[in-house]
Amino acid sequence: MFEKIYSPVQKITFAPFNNLFVKRDDLIDSYISGNKWRKLKYILAKAGAENKTHLVTFGGAYSNHLVATAAAASRSGLKSTAFVRGEEVKNEMLLLCRLFGMKLIFVDRESYRDKHKLFKQHFTDDKQACFIDEGGASPEATIGCTEIIGELIEPYDHIFCAAGTGTTAAGLLKGIQQHQLNTKLHIIPVLKGGSFIEDEIVQYTPLTNHLHLHLDYHFGGYAKTTPELINFIKTFTAQTGLLLDPVYTAKMFYAIVDLQKLGTIGKDEKVLAVHTGGLMGLFGMKDKF
Ligand SMILES: *Cc1c(COP(=O)(O)O)cnc(C)c1O
């Protein structure tokens with residue numbers, strides 16, 4: 001399942017950029033989408049090596065990670081359970097999780113905070129149960145994301161990626177350092193107060209030269225949008241044919257355009273945006289369009 005992937009680098013035409021490229025990780029898989037595929041690759045390898053056959057993880061009701069884990073589990077012949085934050089709801093994402101055979105346990109926000117406690121309470125006796133943190137955050141996940149850099153054939157002046165936990169960012173940074181590239185890594189936290197992302201990153205890779213965090217593109221916070229961001233998605237998608245989700249990739253592309261206007265990146269410099277997938281996030285926001 002994790003052997004061969006299709007994630008080409010494509011040039012896109014979006015004025016005024018002359019050298020804007022996209023790493024199409026969104027094409028890797030419909031359900032194990034984008035960076036979630038990268039992150040699960042070595043998590044599942046480790047689970048397999050430890051003879052764990054039951055994946056237990058955590059997420060919100062619109063979590064791409066939950067759908068990805070459910071799909072990966074069913075294809076690998078594994079069981080899966082998720083603790084879902086908040087009161088019981090039904091939506092498109094959780095429907096997919098259920099169809100892939102994932103058991104959902106809804107927990108209030110207070111209990112959700114202590115994930116290890118929840119895991120212990122429910123699965124102390126299940127020796128096959130494997131704890132996977134929210135969003136798949138782990139050292140194994142960074143290794144999978146490092147491979148994005150190894151797949152690049154040409155050098156870039158700038159690489160952009162959206163961040164939630166910062167695990168994908170850490171992997172990209174490690175990759176840039178390992179390959180000794182002269183590339184700036186621009187990370188766009190999608191949450192308010194995203195400076196904690198740097199602390200997350202240094203847990204995995206202590207050197208932060210190459211790293212540029214941009215804290216002002218959260219549009220009000222996680223899963224928050226503004227009419228300006230929604231309009232940006234409409235224009236961008238109509239002109240490029242590339243779909244964006246309002247939670248992650250739209251904020252990243254908005255930042256690329258804005259940083260070009262501000263002069264941080266030149267319009268002739270080579271820019272690579274990592275499309276981390278997650279397009280089903282659109283379904284949670286359909287009323288905004
Ligand atoms: C989960 C997700 C991210 C965030 O990845 P982190 O490793 O948690 O920073 C970015 N983009 C998309 C589309 C995602 O689903």
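Only one of these conditions is not met by Asp26: (1) under 21 Å from Gly101 (Cβ atoms); (2) out of contact with any strand residue (DSSP E or B) (no Cβ under 8 Å at 6 or more places or on another chain); (3) charged (D, E, K, R). Which number is it?
(1)
Go over the candidates Leu20, Leu95, Leu27 one by one and state the one that is in the same structural domain as Gly263 (by TED's automatic domain parsing), out of contact with any helix residue (DSSP H, G or I) (no Cβ under 8 Å at 6 or more places or on another chain) and either at pLDDT 95 or above or not aliphatic (A, V, I, L, M) (or both).
That would be Leu27, the only listed residue that is in the same structural domain as Gly263 (by TED's automatic domain parsing), out of contact with any helix residue (DSSP H, G or I) (no Cβ under 8 Å at 6 or more places or on another chain) and either at pLDDT 95 or above or not aliphatic (A, V, I, L, M) (or both).
Going through Phe283, Phe219 one at a time, which residue ends up being of a type in the set (Phe, Trp, Tyr), open to solvent by 30 Å² or more (accessible area, probe 1.4 Å), in a loop (DSSP other than H, G, I, E, B) and within 15 Å of the ligand (Cβ to nearest atom)?
Criteria check complete, one pass: Phe219.
Within the stretch 250-270, take every residue that is assigned to a loop (DSSP other than H, G, I, E, B) and either open to solvent by 10 Å² or more (accessible area, probe 1.4 Å) or in contact with a Cys (Cβ under 9 Å, 6 or more places away or on another chain) (or both) and give me the one that is modelled with the lowest pLDDT.
So, considering only residues that are assigned to a loop (DSSP other than H, G, I, E, B) and either open to solvent by 10 Å² or more (accessible area, probe 1.4 Å) or in contact with a Cys (Cβ under 9 Å, 6 or more places away or on another chain) (or both), the one modelled with the lowest pLDDT is Lys267.
Check whether at least one residue in the stretch 61-70 is within 14 Å of the ligand (Cβ to nearest atom), part of a loop (DSSP other than H, G, I, E, B) and either open to solvent by 40 Å² or more (accessible area, probe 1.4 Å) or modelled with pLDDT under 95 (or both), and report yes or no.
yes
Quick check, is Phe131 aromatic (Phe, Trp, Tyr), within 23 Å of the chain's Cα centre (by Cα) and open to solvent by 10 Å² or more (accessible area, probe 1.4 Å)?
Answer is yes for this residue.
Within the stretch 15-34, how many residues are open to solvent by less than 20 Å² (accessible area, probe 1.4 Å) and in a strand (DSSP E or B)?
Residues flagged as open to solvent by less than 20 Å² (accessible area, probe 1.4 Å) and in a strand (DSSP E or B) within the stretch 15-34 amount to 4.
Condition check: without any contact (Cβ under 8 Å) to a residue 40 or more places away in the chain, out of contact with any Pro (no Cβ under 8 Å at 6 or more places or on another chain) and at negative phi. Does Gly150 satisfy that?
Taking the combined requirement at face value, the residue satisfies it.
Of Lys4, Lys41, which residue is away from the ligand (no atom under 12 Å from the Cβ) and outside the structural domain of Met93 (by TED's automatic domain parsing)?
Result of the check over Lys4, Lys41: Lys4.
As an exercise: evaluate Tyr112 against (1) open to solvent by less than 20 Å² (accessible area, probe 1.4 Å); (2) under 25 Å from Tyr6 (Cβ atoms) and give the number of the one condition it does not meet.
That leaves (2) as the condition not met.
What number of residues within the stretch 115-126 are among the charged types (D, E, K, R) and either surrounded by 15 or more Cβ atoms within 10 Å (Cβ to Cβ) or outside the structural domain of Ala82 (by TED's automatic domain parsing) (or both)?
Residues flagged as among the charged types (D, E, K, R) and either surrounded by 15 or more Cβ atoms within 10 Å (Cβ to Cβ) or outside the structural domain of Ala82 (by TED's automatic domain parsing) (or both) within the stretch 115-126 amount to 2.
All but one of (1) on the phi > 0 side of the Ramachandran plot; (2) outside the structural domain of Thr124 (by TED's automatic domain parsing); (3) not basic (Lys, Arg) hold for Gly86; which doesn't?
Condition (2) is where Gly86 drops out.
Just one of the numbered conditions (1) assigned to a helix (DSSP H, G or I); (2) under 15 Å from the mean Cα position of the chain (by Cα) is not true of Leu96; which one?
(2)
List the number of the failed condition for Lys117; all other conditions in (1) away from the ligand (no atom under 16 Å from the Cβ); (2) not in a helix (DSSP H, G or I) hold.
Here Lys117 clears every test but (2).
Quick check, is His54 surrounded by fewer than 22 Cβ atoms within 10 Å (Cβ to Cβ) and out of contact with any Cys (no Cβ under 6 Å at 6 or more places or on another chain)?
It is true that His54 is surrounded by fewer than 22 Cβ atoms within 10 Å (Cβ to Cβ) and out of contact with any Cys (no Cβ under 6 Å at 6 or more places or on another chain).
Sort out which residues of the stretch 233-249 are more than 16 Å from the ligand (Cβ to nearest atom) and either within 20 Å of Gly164 (Cα to Cα) or in a helix (DSSP H, G or I) (or both), and write them in order of number.
Passing the criteria: Lys234, Thr235, Ala238, Gln239, Thr240.
From the residues in the stretch 131-169 that are within 19 Å of Tyr217 (Cβ to Cβ) and of a type in the set (A, V, I, L, M, F, W, C), which one is farthest from the ligand (Cβ to nearest atom)?
Going through the qualifying residues, I end up with Ile159.
The values are calculated or read from the model by the stated rules, or taken from the named source; none is laboratory data. From a predicted model like this one, the values you see are computed outputs, not experimental measurements. All Cβ positions, even for glycine, are placed from backbone atoms using ideal geometry, and neighbour counts span all protein chains on display. For accessibility, only protein heavy atoms count, side chains too; no ligands or nucleic acids. Shrake-Rupley method; radii C 1.70, N 1.55, O 1.52, S 1.80 Å.
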